[in-house]
Amino acid sequence: MTTRREFLRRAGVASAAPLLLSGCEAPGAAGAPEGPAPSSLPLPAPPSGAPAQVASDENWWREVAARYAVTDAVTNMEAGFFGMMASPVLAAYHAHIDRVNRASSYYARTEYGADARAARERTAQALGVDAGEIAFTRNATEALQALILQFRGVETGDTVMYADLDYPAMQQAMNALAERRGAEVATFDIPEPASRDGLLAAYEAALDAHPRTRLLLVTHANNKTGLVHPVREITAMAGARGAEVIVDAAHSFGQLPLALPDLGAAFVGVNLHKWVGAPVGVGLFYIRADRLDAIAPAPGEASALDRIDSRVHTGTTSFPAILTVPDALDFQDSIGVERKAARLRYLRDAWVGPAREIDGVDILTPDDADLVGAITSFRMRGDGSREGNLEVARRLLEEHGIFTVYRTGVAAGDCVRVTPSLYNTPADAERLVEALAVLARG
């Protein structure tokens, strides 16, 4: 009889586990076995009812899941790296690749500009902003680095601030800005267990302790634990103390219903290849029209400096990836953003609820509907070590065929992140709970 470990080894997964579990690519890993071919038929209309009711309609969500070509090698519960394209989006992407490749530079120089503007208009409409307030980038990291490193409002003696849960690359960008401007860096830790009142109190205390804070980084939907921050309230709190806020919304758009003006912030970085399911290589930043001058043009930029495009200089981008963004938004609309968010939350709750009852498992993300989406992390009680959490993720993969990812940088200790997507099922959640019960026994 073939064991799960033997199957994974033949699929090239077990040998790649140490790299995969820490979020790195495994060079030379063998391709994973293919699953069933995805459906190419249009998605049936969603059932009637409130999103929370539709979230448990397994017949319809089976139709949604059938639009994804999912590997048989593992149960993938690590959708936070990038989002798998649904079959109609993937088909559109292939068609765009063929079109761009066939016409080559003729297309790039004569037609792409209009097509890119149309993609930007479509994306801006989905985000509830004007097209002149967003610019495409290759990812949220590039977007946020531009916003942070080109922010003009920090001077010698000022303070920039971020929390332990903020993304490492963005923390490093804040450090670099402070060094360039002769500013101080202030950091603080998000309390565990988290609550809305506790979050707001932590930000208030940190800002009051550092009255010269001029720039605050806030992550909306956190990549480490999944905690969703009350950004609008934090932005107002910072503004009352003379601090600007840059929002990392890399995990927000598509995981949660989101209109950028609702965040209350003038500067936001977004990913389109995570929860929206566009091809890898597309993000954007938002600069509210009345605050464009707060972000300096990209170094060496010579284009019209009164337009947002001058705030990033990516060079040649992936034409097909940008052309596919409207297709990804169309597929998302065929599901409905509210229904999608409710389903992701339903899948999250399907494993979190039972896992909370397992002695020895600590769930790090609260159940408050305003503070969580799909992402939730856990650690085995008393073990916040790197080694311990890598071992948990390894055992989930090699012994139970469940792919998760290890996360570090949380002040209270490292953890393992679980991120379901629309191709997952309640049965996947049940398998995870069974695996956690085994691990908790030792």
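Potential lengthening of the chain between Glu430 and Asp383 amounts to 14.6 nm, from the contour at 0.36 nm per residue minus the alpha-carbon distance. When the convex hull of its Cα atoms is viewed from all sides, segment 61-119 shows a mean projected area of 6.0 nm². Computed with a 1.4 Å probe on the full set of protein chains, the accessible area for Ser334 sits at about 40 Å².
Its Kirkwood hydrodynamic radius, worked out from the mean inverse distance over all distinct Cα pairs, puts segment 333-442 at 14.3 Å. Taking the chain as a Gaussian network, Cα atoms linked when under 10 Å apart, which of Val337, Val418, Val100 shows the biggest mean-square fluctuation? For the chain, modelled as a Gaussian network with Cα springs under 10 Å, the answer is Val100. Applying 1/(1 + (r/R0)^6) with r as the Cβ-Cβ distance of Asp164 and Arg102 and R0 = 51 angstrom yields a FRET efficiency of 0.55. Kirkwood radius and radius of gyration were both taken over the C-alpha atoms of segment 217-315, and their ratio Rg/Rh is 0.99. Looking at segment 184-299, the DSSP beta bridges with both ends there are about 40 percent antiparallel. With R₀ set to 35 Å, the beta-carbon distance separating Arg356 from Ala259 gives a calculated FRET efficiency near 0.65.
Of the trypsin sites (Lys or Arg not before Pro) found in segment 370-406, those in coil by DSSP whose Cβ has at most 15 other Cβ atoms within 10 Å are Arg381. In loop segments of segment 259-344 as defined by DSSP, the trypsin sites (Lys or Arg not before Pro) with at most 15 further C-beta atoms inside 10 Å of their C-beta are Arg307.
Segment Ala440..Arg241, full-extension length gain: 67.1 nm, with 0.36 nm per residue of separation and the alpha-carbon distance subtracted.
Packing order of peptides 75-82, 434-441, highest average first: 75-82, 434-441 (average count of other Cβ atoms within 10 Å over each peptide's residues). Label zone of Ala95 (point 7 Å out along Cα→Cβ, amide N under 11 Å): in segment 251-279 this covers no residue at all.
Rg/Rh, computed from the Cα trace of the chain with Rh as the Kirkwood radius, has the value 0.96. For segment 101-119, the residues whose backbone nitrogen is under 13 Å from a point 7 Å from the Cα of Asp330, taken along Cα to Cβ, are 119. Long hydrophobic helices in the chain, taken as whole DSSP H segments with a C-alpha length of 24 Å or more on their own axis and mean Kyte-Doolittle hydropathy at least -1.0: 87-110, 319-335, 337-356.
Determine the distance separating the Cα centre of segment 141-166 from the Cα centre of segment 275-352; give it in Å without decimals. Their Cα centres are 20 Å away from one another. Segment 205-226 and segment 364-423 have Cα centres lying 23 Å from one another. Would you look at the GNM of the chain, springs on alpha carbons closer than 10 Å, and say which of Gly254, Gly300, Gly283 moves the most? The residue that fluctuates most here is Gly300.
The values are calculated or read from the model by the stated rules, or taken from the named source; none is laboratory data. Please read all numbers here as calculations on a predicted model, not as lab measurements. Cβ atoms come from the backbone with ideal geometry, glycine included; neighbour counts cover every protein chain shown. Protein only, heavy atoms only, side chains kept; ligands, DNA and RNA dropped before computing areas. Shrake-Rupley method; radii C 1.70, N 1.55, O 1.52, S 1.80 Å.
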